[in-house]
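Each remark here refers to the structure printed beneath this line.
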Amino acid sequence: MGSGLALRAYGATFLGVLGHGSSEFFAVLSGVGGVEVSVWRFLVGGTCLLIVALAMKSSRDLLRPVREQPVRVIGLSVLGMALGQLLFHWSLDFASVVQVATVVTTMPIVTVLAHSLIHRTAIPVPKIVSGLGALCGVTLLLTDGYLSQLEFGGEALTGIIMAVGCATIGGFYLVLVKPLVVAYGAIRMTALTFIFGAAALWITAGLFWNIWVDPSSLFDRPPRAYLSILTLGIWNTCLGFILWLWGLSAVPDMGRINYLFFLKPVVATILSYLFLTAVISPIQLAAIATVCGFVLIEIFYDRIKSILLGLKAV
């Protein structure tokens with residue numbers, strides 16, 4: 001892989017992470033409930049992605065993946081992306097932006113484990129180190145007053161469990177969808193994912209929650225609400241997912257580049273503190289620092305190992 005392509009892949013993934021990192025913020029800012037905001041995000045994002053896909057010659061044949069691999073494409077769209085995002089937005093009804101962002105940040109760990117299970121490969125030592133670090137970070141987050149709520153069924157704990165479910169589904173989705181992204185392109189696969197996901201979520205929200213979202217009512221809401229929904233659909237979904245999935249598919253070591261995802265809680269924390277007047281506890285900051293610190297160890301593992309061996313030899 002050329003250095004120029006690798007640099008563009010890392011840059012695209014980083015921008016995609018910025019989109020992911022701000023999605024909790026705009027979901028909460030919209031003031032719309034988690035289940036309903038999931039439908040809105042998929043409707044707006046799916047429409048935007050459809051326009052982008054049809055505007056580009058390389059992705060204009062939108063139905064080709066469906067004709068060739070219908071079960072895989074539709075299954076991953078509904079049981080992968082749509083279900084994961086539903087749990088993600090729903091968790092924000094119970095837990096804070098920082099809590100959800102920190103827990104969902106464990107997705108790269110699941111990605112590495114899923115890749116190892118599906119492709120029967122060994123997990124490198126550096127990834128084990130960073131994975132254990134992320135686990136410590138989430139453990140810190142859980143002990144930030146939430147273990148005491150366990151016996152009382154605390155709402156924050158419910159949200160955290162949902163966020164864990166989102167991270168688990170998302171990690172397996174990334175591994176399973178990569179061959180489709182490579183074969184059909186990030187734009188086409190992302191568009192199909194959100195189009196099928198929008199239909200599934202719209203029906204699910206209507207049948208189970210009696211929330212039948214009317215797309216024509218978007219601008220009947222206050223400006224802050226509809227602008228947040230549009231941002232979720234256009235920036236966090238359309239542009240963010242295209243950049244993220246293309247970056248992940250363009251590098252050989254998907255596990256390593258996916259660790260950029262650990263910046264997500266940092267972005268969410270800054271936005272929450274600045275614009276939502278959220279109170280960030282020392283334990284939450286320690287959890288974020290732990291996760292990010294161990295990821296840095298993973299990135300520079302070989303260099304750190306060489307330095308330590310050199311010191312030992314001296």
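Structure notes:
- Computed log₁₀ I(q)/I(0) - Debye formula, equal Cα scatterers, no solvent, the chain, q 0.11, 0.14 Å⁻¹: -0.67, -1.09
- Near-label residues of segment 29-52 by backbone N, under 19 Å of a point 7 Å along Cα→Cβ of Ser216: 40, 43-44, 47
- For the chain, the relative contact order is 40 percent, taking Cα pairs closer than 8 Å that sit 6 or more residues apart in sequence and dividing their mean separation by the residue count.
- Inter-label distance, nm, simple model (7 Å from Cα along the C-beta direction), Phe14/Arg60: 3.5 nm
- Between the beta carbons of Arg120 and Arg224, assuming R0 = 51 Å, the FRET efficiency works out to 0.55 to the nearest 0.05.
- Mean residue ellipticity at 222 nm, helices only, the chain: -23500 deg cm²/dmol; runs of at least 4 DSSP H residues each add -39,500 (n - 2.57), and the sum is divided by the number of residues.
- Counted as membrane-span-like here are DSSP H helices of the chain whose alpha-carbon atoms extend 30 Å or more along the helix's own axis and whose Kyte-Doolittle mean is 0.5 or above; these are 34-55, 155-184, 186-209.
- Gain on full stretching of the segment that runs from Ile51 to Asp302 - 0.36 nm per residue minus C-alpha separation: 85.9 nm
- The distance linking segment 1-42 with segment 44-78 is 19 Å (Cα centroid to Cα centroid, whole angstrom).
- The charge dipole of the chain, taken about the Cα centre with unit charges on the Cβ atoms of Lys, Arg (+1) and Asp, Glu (-1), comes to about 1080 debye, rounded to the nearest 20.
- Cα-based shape type of segment 41-147, given that a ≥ b ≥ c are square roots of the gyration tensor eigenvalues and the cut on a/c is 1.5: oblate
- Here's the picture: charge each Lys and Arg Cβ at +1 and each Asp and Glu Cβ at -1 in the chain, and of Gly80, Ile283, Trp244 the one pushed furthest to the positive end of that dipole is Trp244.
- Each peptide in 156-164, 204-212, 96-104 was scored by the mean count of other Cβ atoms within 10 Å over its residues; highest first, the order is 96-104, 156-164, 204-212.
All of the numbers you see were taken from the coordinates with simple rules; none came from a lab. All values derive from a computational prediction rather than experimental measurement. No Cβ is skipped: glycine too gets one built from the backbone with ideal geometry, and neighbour counts run over all protein chains shown.
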